[in-house]
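For reference, the structure is listed below as C-alpha cells.
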Ligand SMILES: [Zn+2]
C-alpha cells in the first residue's frame, strides 16, 4: 500500500504537467438570484478574474444571454474579454433539453448565440463555443441530432467537459455565511468546497486516464459564483501543485479524444469520460453476447445440443409457435425431440438485426449521477438452418439475456 502511495506521489511530481482547460459557466454571474446588486456582481467578477490572472489561466466563459441585464453586466463581459478570456454561448434562458421540445430549445439556444455573437463582433471577437445547459445533450436520438445539426449550421463547437463537479452547490451556503459575517461557517464551506472539488477532479482524472490509457487532457467545469471568487486561488494553487498546467482551449481540444464527441442519448448531463465509459460498456456487452451467439451457432452446427443450451438460464423460458417451454432441461429435451441427430440440425447462422442495451442512472461514490451499468440486453436475430438436400429454414428470434458472473445467460427466447 505504502509503495503504491509513494508511486502515485512520484508520478505527480515527475510526470509532464497535464494540460487543463478552465471553463466557467453561467456568466455574467451564476446564481444571479442571490446577487441582484450590481456592486455584488462586479465584486464577484473581480474576484474570479483576479484568481485567473494570478495563475495565468486562459479561460473560456459561457454566457447565459438573458442574464445579461444591463450596462453593468455588459461591462463584466467586457472585463472578461479585456483579460484575454474567450466567451462562448450558454443559450438565452438556460433551458433543459431533456424537458424541452427540440424546436423550442434550439430557438432559445439560437437567441443566445445571436445576442452574444453581436456583442462579441462589436468588440472584435468571434463566437466559437457552446456549452449545453445542465450538460444535457439530448435524451433521445432525435434531440441529440437536432442539437448537433444546429451546432453545425451555426458554426459552434460543443465544448464538452471532462471534470464534472458540484461547485455550484456550495454557493447558497457560502453567501449565507458571508452575509451573516460568520467566519467559522465561511471557513467550513471553504474546506468542503475545496475537498469536494479535489475529490471530483482526482476521480474524473483516474477515469479519463483509464479510458485513454494515457494521461488525459482535461476540461474543468466551474461556475461564476461568489464561493469561486473567494476560493479559486487556493484551488488553482492546488492544481499547479498536483501536476497540472493551465492550457488554452485550442491546445486541449487538439487532442484526438475531442475530435468526435460520443453520441449518448441521456436524460442527464455527463462528463465526456462518463459518456465514453457508458458507450464502451454498451459495446462490450454487445461484443460479449455476439461471441456467445457465435459459440452457440458453432455448437449447434456440430450437433452439440447440450453446449448449445448451456447459455440458457436454469429457469429460461422458450416461446415458439407451438407453445411455452420452461427450464433449460426442458428446452434441451424439446430440441432433441425436434432435431434428432446432427443431420436434422444442419448448420446454424444467427444474424443480429437489432440490439437494445438499456441502462439507468446510478449514483457515484461522490454523489454524482452517472450512467449505470448494463444488466440486461435484448436482441432480434434472423436464424437460418442449412441442411443438405432440403431448402433452408429461416425465421426470427427475440432473445433476452441477463448477466451471469462475468458472462451472460439467456432468460427468454421467442423463436418463430
Ligand atoms: Zn449553466
In the stretch 143-164, residues that are without any contact (Cβ under 8 Å) to a residue 60 or more places away in the chain and either assigned to a loop (DSSP other than H, G, I, E, B) or on the phi > 0 side of the Ramachandran plot (or both) total 2
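Which residue is farthest from residue 131 (Cα to Cα), if the candidates are limited to the stretch 49-63 and must be outside any loop (DSSP other than H, G, I, E, B) and more than 16 Å from the ligand (Cβ to nearest atom)? Even if it seems obvious, please write down each step before you answer.
First pass over the stretch 49-63, keeping only residues outside any loop (DSSP other than H, G, I, E, B): 49-54, 60-63.
From the residues that got through so far, the ones that are more than 16 Å from the ligand (Cβ to nearest atom) too are 49-54.
Working: 49: 20, 50: 23, 51: 22, 52: 20, 53: 23, 54: 25 Å.
Checking each candidate, the answer is 54.
Of all residues in the stretch 129-142, which are farther than 17 Å from residue 156 by Cβ and either within 8 Å of the ligand (Cβ to nearest atom) or part of a helix (DSSP H, G or I) (or both)?
The initial filter retains those residues of the stretch 129-142 that are farther than 17 Å from residue 156 by Cβ, namely 134, 139-142.
Once the filter is applied, which keeps residues that are farther than 17 Å from residue 156 by Cβ and either within 8 Å of the ligand (Cβ to nearest atom) or part of a helix (DSSP H, G or I) (or both), the stretch 129-142 yields 134, 141, 142.
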Per-region count, the stretch 205-225, residues assigned to a helix (DSSP H, G or I) and touching a helix residue (DSSP H, G or I) at 6+ places or on another chain (Cβ under 7 Å): 4
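Quick check, is residue 94 at positive phi and modelled with pLDDT of 95 or more?
Details: at positive phi: yes; modelled with pLDDT of 95 or more: yes.
It is true that residue 94 is at positive phi and modelled with pLDDT of 95 or more.
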Restricted to the stretch 21-35 and to residues being more than 11 Å from the ligand (Cβ to nearest atom) and part of a strand (DSSP E or B), the residue farthest from residue 236 (Cα to Cα) is 21
(1) in contact (Cβ under 8 Å) with a residue 40 or more places away in the chain; (2) part of a loop (DSSP other than H, G, I, E, B); (3) within 16 Å of the ligand (Cβ to nearest atom); (4) surrounded by fewer than 22 Cβ atoms within 10 Å (Cβ to Cβ) all hold for residue 66 apart from (2)
Residue hits (the stretch 252-278; assigned to a helix (DSSP H, G or I) and surrounded by 14 or more Cβ atoms within 10 Å (Cβ to Cβ)) are 252, 253, 257, 258, 272, 273, 274, 275, 276, 277, 278
Tell me yes or no: at least one residue of the stretch 187-204 is in contact with a helix residue (DSSP H, G or I) (Cβ under 8 Å, 6 or more places away or on another chain), without any contact (Cβ under 8 Å) to a residue 12 or more places away in the chain and either under 19 Å from residue 34 (Cβ atoms) or within 16 Å of the ligand (Cβ to nearest atom) (or both). yes
If I ask for residues that are assigned to a strand (DSSP E or B) and loosely packed, with under 14 Cβ neighbours inside 10 Å, which ones from the stretch 285-326 would you list? 314, 315, 323, 324, 326
Within the stretch 327-340, can one find any residue that is in a strand (DSSP E or B) and surrounded by 15 or more Cβ atoms within 10 Å (Cβ to Cβ)? no
Of all residues in the stretch 319-337, count the ones that are more than 20 Å from residue 304 (Cα to Cα) and touching a residue at least 24 places away in the same chain (Cβ under 8 Å). 3
Answer yes or no as to whether residue 91 is part of a loop (DSSP other than H, G, I, E, B) and more than 16 Å from the ligand (Cβ to nearest atom). no
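The values are calculated or read from the model by the stated rules, or taken from the named source; none is laboratory data. Remember, predicted model here, so these are calculated numbers, not experimental data. All Cβ positions, glycine included, derive from the backbone under ideal geometry; neighbour counts span all protein chains shown.
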